Protein chains: 2
Amino acid sequence: MYESLFEVLTSDEAYYVKPNPLRHPLIFYYGHTNTFFINKLVLAGLIPQRVNPQFESMFAVGVDEMGWDDVNESNYTWPTPAEVRAYRARVRQVVDDLISTLPFHLPIDWNSPWWPVLMGIEHERIHLETSSVLIRQHALQYVQPHPDWAPWPRQDVPAPPNSLVAIPARDIQLTKSTDHYGWDNEYGQFKAHSPAFEAAKYLTSNAEFLHFVEAGGYQKEEYWLEEGLAWRKYAQAEHPTFWLKQDDGWKLRLMTEEVDMPWSWPVEVNYHEAKAFCHWLSEQTGKPVRLPTEHEWVSLYEHAGLSDEKVAGSMNANLFLDHFASSCPVDQFAHGELFDVVGNVWQWTETPIFPFDGFQVHPLYDDFTTPTFDGRHNLIKGGSWISTGNEALKSARYAFRRHFFQHAGFRYMVTDTPIAENASHYESDKLLSEYAEFHYGDSYFGVPNFSKALSDYAIQHLQSRPAGKALDLGCATGRATFELARHFDHVTGIDFSARFIGLALKLAQQGVVRYTMATEGDLVSYQERSLAALGLNEVVDKVDFWQGDACNLKPQFTGYDFILAANLIDRLYSPRQFLSAIHERLNIGGVLMIASPYTWLEEHTPREEWIGGYKKDGENVTTLDGLKAILGQHFSLMQPPVDIPFVIRETNHKFQHTLSEVTLWERTS
Amino acid sequence: MYESLFEVLTSDEAYYVKPNPLRHPLIFYYGHTNTFFINKLVLAGLIPQRVNPQFESMFAVGVDEMGWDDVNESNYTWPTPAEVRAYRARVRQVVDDLISTLPFHLPIDWNSPWWPVLMGIEHERIHLETSSVLIRQHALQYVQPHPDWAPWPRQDVPAPPNSLVAIPARDIQLTKSTDHYGWDNEYGQFKAHSPAFEAAKYLTSNAEFLHFVEAGGYQKEEYWLEEGLAWRKYAQAEHPTFWLKQDDGWKLRLMTEEVDMPWSWPVEVNYHEAKAFCHWLSEQTGKPVRLPTEHEWVSLYEHAGLSDEKVAGSMNANLFLDHFASSCPVDQFAHGELFDVVGNVWQWTETPIFPFDGFQVHPLYDDFTTPTFDGRHNLIKGGSWISTGNEALKSARYAFRRHFFQHAGFRYMVTDTPIAENASHYESDKLLSEYAEFHYGDSYFGVPNFSKALSDYAIQHLQSRPAGKALDLGCATGRATFELARHFDHVTGIDFSARFIGLALKLAQQGVVRYTMATEGDLVSYQERSLAALGLNEVVDKVDFWQGDACNLKPQFTGYDFILAANLIDRLYSPRQFLSAIHERLNIGGVLMIASPYTWLEEHTPREEWIGGYKKDGENVTTLDGLKAILGQHFSLMQPPVDIPFVIRETNHKFQHTLSEVTLWERTS
């Protein structure tokens, strides 16, 4: 099929001339899918050696479009199409040999050797579609009609007038069993409530979109989002990119030819154009028009009574290459009250792709999705006429930059429901992600979670004392704050670092935090941690977080029954100032807990401010001596100090392993 | 007794005027011994509070003489002698109360509460003596005769002519049971062989020394060591410091008076003067004259048939204040064939104080000796007329700067035996001492010694392969080099760092290494590690150490059966260069062992030189991938990698805990 697609090219030159200045020429895509296959099989240890190391370096990277705002011309010396064709045949032989000898067991899960085989097949399906788009962008001289790739024959059907269909409220749950092949982003759990809304019966047709074009929609800046406007100015777009305005009227560029505009076919636009259309339509109708979110699209799908099983093999959608090699009229395939809920063209959504709870990256392809968790890649749903395999499933989650072109259009909807934001950011700041792992991550060397151990120790020794307000000073990313809230009515976390507080707040608000962890050199792994998994989601309402200075606390932070200062005192610029005044924040009988490895460093604490770790009058003064001297006036030490260990992971081989000395001090006066 | 000593002072002014410009005035020493007592009792937790915190800060530090070459005038506002006397009385009361209530148990060891009490008493004994020297340096107007401190009455006895006594060879062993009170430096073990030598029958008398003075010995630079010459020029010394040249002849300054020179008494000089005398006498006699070392003095002691028991109570030495408050004739007290082996005046030795094997510092007084392990403090032996208690014992090891004055003189000896050097240096460079502890120190978190674990793992997997030459590349402070020498005929350790190699060499040469370890802030503890304790003393002859560059090894390092590269590759500037050429150093069938946490850092290895830990052609390349690719041509991987952990201690609370991935590679071509 992929071979056949490239047969529409008219010459070797057609392989080398870029159809799109921001993308590699087609020769790259011709070789790429096979190189991908070999790379993954080598990585999985399924084949002993490469087929062509030179090609497999050249064809490995460069799929993604460069940003239109950061074009970077590189020089490539590509092989000939014949050489690549021969390479493809050799790879095909290697893969066929592998398939014929590889023992077959169900289920095919992440650990199955068949997984990378399926990955290679599905990967080529994606490039079948994206290459068809590039071919559609190629100059006509480089392409020719081909019997396998003939467009829908009836192009002069009139477009039906669109109308709105009421979609009832629905609870949406998205998940995918790891027994079935998919891309990493499809797994995990997502739940949302979709309130009732109205949806367009049809995808927006070329005819319907013409009103927007003729109304000067491309020229009126108020219809465009800031990012969309920047794209429109760069592209100097005045109408959809595959539309051609000629003397005898509008034409449409298909894969290998230009045809009179098929007005009944869905318009193909990027997200910005679709969004501008919605703004125009809102203005026209006075109604809140926008695109569906991902889960609202699922609501349409379920409203239409669809399922993967029903769609597959029914031939009742312009999907799977079941019909012709182009779009078709928007009223051709009814799905319940709606048309083209799947197939024909992809449908832009309002939703930047995000990881479902429980997202994990597949070790053989750890950058399939993670680079797109940037809030700039919106999901498209439903598949197009050329979508096959995984692409055509309900669960498929493909996302592209919002200015990008696929065979994609849109269905508009009317609703007041705001668009919920989904956290997709992976924290990659080294210190923040180390702390996130330290507070919410795995145990190493059998050392229990430090924040939890501190909290448990405190609660055990506080016994029946009042458990009203607690303060976690130097809370960093907040784990102890949450843990203490299991016992106290309310816990406030304060840290000097707004970045640390930001992560704690995010976790409180979204229940989940994601970060990358250094494994070796520049390599990272991807982590997701949720309050729910730690049994802490029920205490979220009992905590708050503030940025603040332990040496200069704001007046409102007072009246506490318990104050924790964990790994704090040896990071303060004036620990004496902090220790001398902290009793004012505690109720009489309240308890101050200090945990510290006493790692005095001049970079944090000027030497003259150290409260121990030096000689005075010839004698050793330890930090514990200093604590006793400073706290003695208002506190009594409740019991002998204990060491509680903690481990901070730096890489998968390197760790800090530290003992924090813990003392409990009761305020006596 | 101490009170009585200060009664020789004539006025309050006598307390404030400095007898010696390099020392505090006597008021400091008057208060100091009591402050010391209180400080140690507080530190030991034996008394709940200080007697006078202000005094106890003022009188705590400043005993040591400032270097005569770095005089630093400070301003002090001292209390009156009456105030200090009152303070002393209060402290006396506190100590008496403590002694009368403290339960008494034998033995009094380091953990006994009586130890700090004895420490306070012994400390005052020392200052009784040093204060008597300061009083002797005071201007006559400030001192007065006192019945308790009358000098030896017969000062006009003629000096006996000196002669040499043959002392046979003797094996010397020094040790002290920790059941008996002593200073830290007296404990541990020391063994030495003392070949036969001749020793002067008498201490050098004033009469004998006069020959040197009259021969212009102070003026002739060739008699003086470089350090001694510098002192002599600074002090403008032309004769012993307590000698006075007056119109009617030589006088001698005693504690409270000047008397006609008692020629038969021992001359009192510092080490430099004694040494210059020896050089002069060598020139005169053509014999190799020098001072005894510490163990040679012990040889004299044993030759004389002395013991602490015999000396104490016999009244047969000018010691313990048994007689008068001054020296006496050198022929007064015979000890076997010799005179004044103990007592009269201290005897300078050639030996800079050094720690015996097994030296440990007492936690209550960790800077009694350690600051003097600098090669600049020579031991004096035998005690003087005012030495009492511990000072008067055979085991006593007091040491002073070589230009310093005590009631000290010397006995010369004739020998060809060179003076052995004793290691006294405590390595305090942070990185070096961390590595010394890492290689030769304690286990932490139950993680076994890394170098030993690597060596054991290697030996286990090498089985019956040839065990000729091995190379430990990046050997650091050398533990694995020694460990491998248990198995191989010869092991060479090479490291880029001359400092690391220096420590390994020192250990190989001296069998022992000493270093300080950071505990908390600036505080340190003192460590001593010996090859013997690790069972490695028998392999010393099988190792050598060289400074070298693993990426550019000298040609002679080749023909090995085994090469270890532990925690090396991620510290090289070009690991690829190293890995590509290392097979040339190994015999065919030989084994390369690589252990590394793969901690790639640009500060050590430019990013383009990393052999893993990055993405290439879109795929993760681990360091193991890189090793396989580079080593594949000449090596085969013997078995799957294993992680071997190691711990590096930074403070008593903070550790690096790292996993080093270990791979064994057999050279196949």
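Every read-out reported here was derived from the displayed coordinates using simple, explicitly stated rules and does not represent laboratory data. Values in this document were obtained by computation on a predicted structure and should not be read as measured data. All Cβ positions, glycine included, derive from the backbone under ideal geometry; neighbour counts span all protein chains shown.
Worth pointing out:
- Computed extension gain for B:Met638 through B:Lys18, at 0.36 nm per residue and net of the alpha carbon distance, reaches 215.6 nm.
- For the stretch A:545-598 and the stretch B:313-363, distance of Cα centres in Å: 58
- For the stretch B:300-390, alpha-carbon Rg relative to the globular expectation (2.2 N^0.38 Å, N residues): 1.24
- Dipole of the stretch B:358-467, positive direction: furthest Cα of B:Leu431, B:Gly409, B:Ser443, with charges on the beta-carbon: B:Gly409
- Of all DSSP beta bridges in chain B, antiparallel share, percent nearest 5: 75
- Across the identical copies, the label point of A:Pro113 (7 Å from Cα in the Cβ direction) is separated from its matches by 7.5 nm, in order from shortest.
- Residues in the stretch A:85-111 reached by a label modelled at A:Ala312 [backbone nitrogen below 20 Å; 7 Å Cα→Cβ]: A:104-111
- Among the listed pairs A:Lys506/A:Lys554; B:Lys18/B:Lys245; B:Lys201/B:Lys287; B:Lys469/B:Lys554; A:Lys201/A:Lys381, those with a Cα-Cα distance over 19 Å are A:Lys506/A:Lys554; B:Lys18/B:Lys245.
- Normalised size of the stretch B:372-416, defined as Cα radius of gyration per 2.2 N^0.38 Å with N residues, equals 1.26.
- Computed from label points 7 Å out along Cα-Cβ, the spacing between B:Ser574 and B:Glu83 is 7.2 nm.
- Once the convex hull of all Cα atoms in the stretch B:388-452 is built, its volume per residue stands at 234 Å³.
- Placing a label point 7 Å from the Cα of B:Leu164 along the Cα-to-Cβ direction, the residues of the stretch B:173-202 whose backbone N falls under 16 Å from that point are B:195-202.
- Gyration tensor (alpha-carbon) shape descriptor, the stretch B:508-650, a/c threshold 1.5: oblate
- Dipole moment magnitude, nearest 20 debye, the stretch A:293-400 about Cα centre, only Lys, Arg, Asp, Glu C-beta charged: 140
- Selection among B:Asn162, B:Ala150, B:Gln93 by position relative to the dipole of the stretch B:75-163 gives B:Ala150 as farthest towards the positive end (Cβ unit charges, Cα centre).
- Table column - 3J(HN,Hα) (Hz), the stretch B:158-172, Karplus curve with 6.51, -1.76, 1.60, x for Gly and Pro: x, 6, x, x, 7, 8, 9, 10, 7, 10, x, 4, 7, 8, 10
- Under-5 Å amide H pairs with A:Phe333, H placed in peptide plane, nonlocal only: A:Asp340
- DSSP bridge pairs, the protein assembly as shown: antiparallel proportion in percent, nearest 5: 75
- Label-point spacing at A:Ala532 relative to the other copies reads 6.7 nm, in ascending order, each point sitting 7 Å out from Cα along Cα→Cβ.
- In order along the stretch A:622-638, phi translates into HN-Hα couplings of 7, 5, 4, 4, x, 4, 4, 5, 7, 7, x, 5, 10, 10, 10, 6, 6 Hz, rounded to whole numbers, per the Karplus curve 6.51 cos²θ - 1.76 cosθ + 1.60 with θ = phi - 60° and x for Gly and Pro.
- Cα-only Debye scattering, chain B: base-10 log of I(q)/I(0) at q = 0.11 Å⁻¹: -1.09
- Exam field: B:His146 pseudo-label spacings to other copies (7 Å along Cα-Cβ), nanometres: 11.5
- In loop segments of the stretch A:400-438 as defined by DSSP, the GluC sites (Glu not before Pro) with at most 13 further C-beta atoms inside 10 Å of their C-beta are A:Glu421.
- Using alpha-carbon coordinates, inclination of helix A:498-510 to the longest axis of chain A, degrees: 60
- √(5λ) per eigenvalue of the Cα gyration tensor, the stretch B:534-618, largest first, Å: 28, 16, 13
- Using R0 = 41 Å, the C-beta based FRET efficiency linking A:Leu225 and A:Asp179 works out to 0.55.
- Label point at A:Asp442 placed 7 Å out along Cα→Cβ; residues across the stretch A:491-515 whose backbone nitrogen lies under 16 Å: A:515
- Volume per residue of the C-alpha convex hull in the protein assembly as shown, rounded to whole Å³: 233
- Inter-site label distance for B:Asp248 and B:Ala532 at 7 Å from Cα along Cβ, in nm: 6.0
- Summarising the rotation from chain B to chain A, the nearest chain B beta-carbon to the axis and its distance in Å are given as B:His657, 2.
- Within the same chain, aspartates and glutamates fewer than 8 places from A:Lys616 are excluded, and of the rest, those with a Cα less than 17 Å from its Cα are A:Glu608, A:Asp625, B:Glu56, B:Asp64, B:Asp366, B:Asp367, B:Glu520, B:Asp522.
- Placing a pseudo-label 7 Å from each Cα along the Cα-to-Cβ vector at B:Leu431 and B:Gln144 gives an inter-label distance of 6.4 nm.
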